[in-house]
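One structure is given here, and the rest of the page talks about it.
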Amino acid sequence: MRRVALRIVRLQLVIGLAAAALWWFIGGPIAALAALTGLGISVAMTGYVALKWAVSGSAEDPRAMLGGFYRAEAMKLLLGTGLIFFGVFLFRDQAAALVTTLALTLAAYGLVLLGDIE
(Lines give C-alpha, C1' and ligand atoms only; values in the text may rest on other atoms or scores of the structure.)
Protein backbone atom coordinates (compact mmCIF):
# COMPACT_ATOMS: atom_id res chain seq x y z
CA MET A 1 0.00 0.00 0.00
CA ARG A 2 2.80 2.40 0.88
CA ARG A 3 4.52 1.83 -2.46
CA VAL A 4 1.29 2.46 -4.37
CA ALA A 5 0.54 5.62 -2.36
CA LEU A 6 4.02 6.98 -3.11
CA ARG A 7 3.56 6.31 -6.82
CA ILE A 8 0.21 8.10 -6.74
CA VAL A 9 1.68 11.11 -4.90
CA ARG A 10 4.64 11.31 -7.30
CA LEU A 11 2.30 11.32 -10.29
CA GLN A 12 0.04 13.86 -8.59
CA LEU A 13 3.06 16.12 -8.08
CA VAL A 14 4.09 15.88 -11.73
CA ILE A 15 0.57 16.56 -12.99
CA GLY A 16 -0.07 19.32 -10.44
CA LEU A 17 3.19 21.17 -11.06
CA ALA A 18 2.62 21.03 -14.83
CA ALA A 19 -0.91 22.36 -14.33
CA ALA A 20 0.36 25.15 -12.04
CA ALA A 21 2.91 26.17 -14.68
CA LEU A 22 0.16 26.23 -17.31
CA TRP A 23 -2.10 28.27 -15.02
CA TRP A 24 0.78 30.72 -14.38
CA PHE A 25 1.03 31.23 -18.13
CA ILE A 26 -2.76 31.54 -18.58
CA GLY A 27 -3.79 33.48 -15.48
CA GLY A 28 -0.71 34.68 -13.63
CA PRO A 29 0.78 33.92 -10.22
CA ILE A 30 -2.49 33.89 -8.27
CA ALA A 31 -3.94 31.29 -10.65
CA ALA A 32 -0.78 29.24 -10.22
CA LEU A 33 -1.12 29.50 -6.44
CA ALA A 34 -4.73 28.34 -6.68
CA ALA A 35 -3.57 25.40 -8.82
CA LEU A 36 -0.92 24.53 -6.22
CA THR A 37 -3.67 24.62 -3.60
CA GLY A 38 -5.63 22.10 -5.65
CA LEU A 39 -2.51 19.94 -5.81
CA GLY A 40 -2.07 20.24 -2.04
CA ILE A 41 -5.65 19.14 -1.42
CA SER A 42 -5.19 16.11 -3.64
CA VAL A 43 -1.92 15.10 -1.96
CA ALA A 44 -3.45 15.65 1.50
CA MET A 45 -6.33 13.31 0.67
CA THR A 46 -3.96 10.64 -0.65
CA GLY A 47 -1.69 11.04 2.36
CA TYR A 48 -4.61 10.72 4.76
CA VAL A 49 -5.70 7.37 3.35
CA ALA A 50 -2.12 6.06 3.21
CA LEU A 51 -1.48 7.14 6.80
CA LYS A 52 -4.76 5.65 7.98
CA TRP A 53 -3.90 2.32 6.36
CA ALA A 54 -0.35 2.38 7.76
CA VAL A 55 -1.56 3.06 11.30
CA SER A 56 -4.32 0.46 11.17
CA GLY A 57 -1.86 -2.35 10.39
CA SER A 58 -2.89 -5.50 8.62
CA ALA A 59 -6.22 -6.94 9.64
CA GLU A 60 -6.71 -10.68 9.39
CA ASP A 61 -10.46 -10.51 8.87
CA PRO A 62 -11.45 -9.37 5.36
CA ARG A 63 -14.55 -7.68 6.78
CA ALA A 64 -12.39 -5.62 9.14
CA MET A 65 -10.14 -4.64 6.23
CA LEU A 66 -13.10 -3.61 4.11
CA GLY A 67 -14.65 -1.68 6.99
CA GLY A 68 -11.36 0.16 7.58
CA PHE A 69 -11.13 0.96 3.90
CA TYR A 70 -14.66 2.38 3.79
CA ARG A 71 -14.08 4.48 6.93
CA ALA A 72 -10.81 5.87 5.51
CA GLU A 73 -12.45 6.70 2.18
CA ALA A 74 -15.43 8.37 3.87
CA MET A 75 -13.16 10.53 6.00
CA LYS A 76 -11.05 11.33 2.91
CA LEU A 77 -14.16 12.60 1.14
CA LEU A 78 -15.14 14.74 4.14
CA LEU A 79 -11.59 16.12 4.41
CA GLY A 80 -11.52 16.83 0.68
CA THR A 81 -14.91 18.53 0.72
CA GLY A 82 -13.89 20.84 3.56
CA LEU A 83 -10.56 21.71 1.96
CA ILE A 84 -12.18 22.33 -1.43
CA PHE A 85 -14.78 24.68 0.06
CA PHE A 86 -12.05 26.55 1.93
CA GLY A 87 -9.81 26.72 -1.15
CA VAL A 88 -12.60 27.94 -3.42
CA PHE A 89 -13.53 30.54 -0.79
CA LEU A 90 -9.92 31.80 -0.71
CA PHE A 91 -9.46 31.76 -4.49
CA ARG A 92 -12.94 32.77 -5.65
CA ASP A 93 -11.65 34.48 -8.77
CA GLN A 94 -9.28 31.61 -9.60
CA ALA A 95 -11.47 28.69 -8.56
CA ALA A 96 -11.19 27.14 -12.02
CA ALA A 97 -7.43 26.74 -11.56
CA LEU A 98 -7.92 25.03 -8.21
CA VAL A 99 -10.70 22.70 -9.32
CA THR A 100 -9.21 21.68 -12.68
CA THR A 101 -5.83 20.95 -11.10
CA LEU A 102 -7.49 18.96 -8.34
CA ALA A 103 -9.46 16.94 -10.92
CA LEU A 104 -6.36 16.30 -13.02
CA THR A 105 -4.30 15.18 -10.03
CA LEU A 106 -7.06 12.83 -8.86
CA ALA A 107 -6.73 11.08 -12.22
CA ALA A 108 -3.39 9.78 -10.90
CA TYR A 109 -5.35 7.19 -8.89
CA GLY A 110 -6.77 5.66 -12.03
CA LEU A 111 -3.51 5.80 -13.94
CA VAL A 112 -1.53 4.10 -11.17
CA LEU A 113 -4.14 1.60 -10.02
CA LEU A 114 -5.23 0.56 -13.51
CA GLY A 115 -1.57 0.14 -14.41
CA ASP A 116 -1.25 -2.50 -11.66
CA ILE A 117 -4.04 -4.70 -13.04
CA GLU A 118 -2.69 -7.79 -14.73
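I'd like the orientation of helix 62-90 relative to the chain: the angle between its Cα long axis and the longest Cα principal axis, in ° from 0 to 90, rounded to 10.
10 degrees
Mind pulling up the Rg/Rh value for segment 43-98? Radius of gyration and Kirkwood radius, both on Cα.
1.17
Accessible area per residue, 1.4 Å probe, Å², for the chain: what's the number?
With the other protein chains kept in place, the chain gives 64 Å² per residue.
At what distance in angstrom do the alpha carbon centres of segment 1-63 and segment 66-118 lie from each other?
When both Cα centres are located, 8 Å separates them.
Rounded to the nearest 500 deg cm²/dmol, what is the calculated helix-only ellipticity per residue at 222 nm for the chain, with -39500 (n - 2.57) per DSSP H run of length n ≥ 4?
That comes out to -31500 deg cm²/dmol.
Note the per residue figure in Å³ for the convex hull of the C-alpha positions in segment 1-59.
50 Å³
Go through Met65, Met45 and list them by solvent-accessible area, largest first, probe radius 1.4 Å.
Per-residue accessible area, sorted high to low, gives Met65, Met45.
Just to be sure I understand the model, the point goes 7 Å from the Cα along the line to the Cβ. What's the resulting Val4 to Leu111 distance in nm?
It is 1.8 nm.
Rounded to whole Å and sorted largest first, what semi-axes of the equivalent ellipsoid does the C-alpha gyration tensor of the chain yield via the square root of 5 times each eigenvalue?
Equivalent ellipsoid of the chain: 29, 16, 9 Å, largest first.
So how much slack lies between Met75 and Thr100, counting 0.36 nm per residue of separation and subtracting their Cα-Cα distance, in nm?
Length gained, Met75 through Thr100: 6.8 nm.
For segment 72-118, just the Cα atoms, rotate onto the principal axes and tell me the three extents in Å, largest first.
Principal extents (Cα only, largest first): 43, 23, 6 Å.
How much of the accessible area of segment 1-101, probe 1.4 Å, is carbon plus sulfur, in whole percent?
Its accessible area is 73 percent carbon and sulfur atoms.
The values are calculated or read from the model by the stated rules, or taken from the named source; none is laboratory data. Remember, predicted model here, so these are calculated numbers, not experimental data. Neighbour counts run over all protein chains shown; Cβ positions are idealised from the backbone, glycine included. Just the protein is used for accessible areas: all its heavy atoms, side chains included, with ligands, DNA and RNA removed. Shrake-Rupley method; radii C 1.70, N 1.55, O 1.52, S 1.80 Å.
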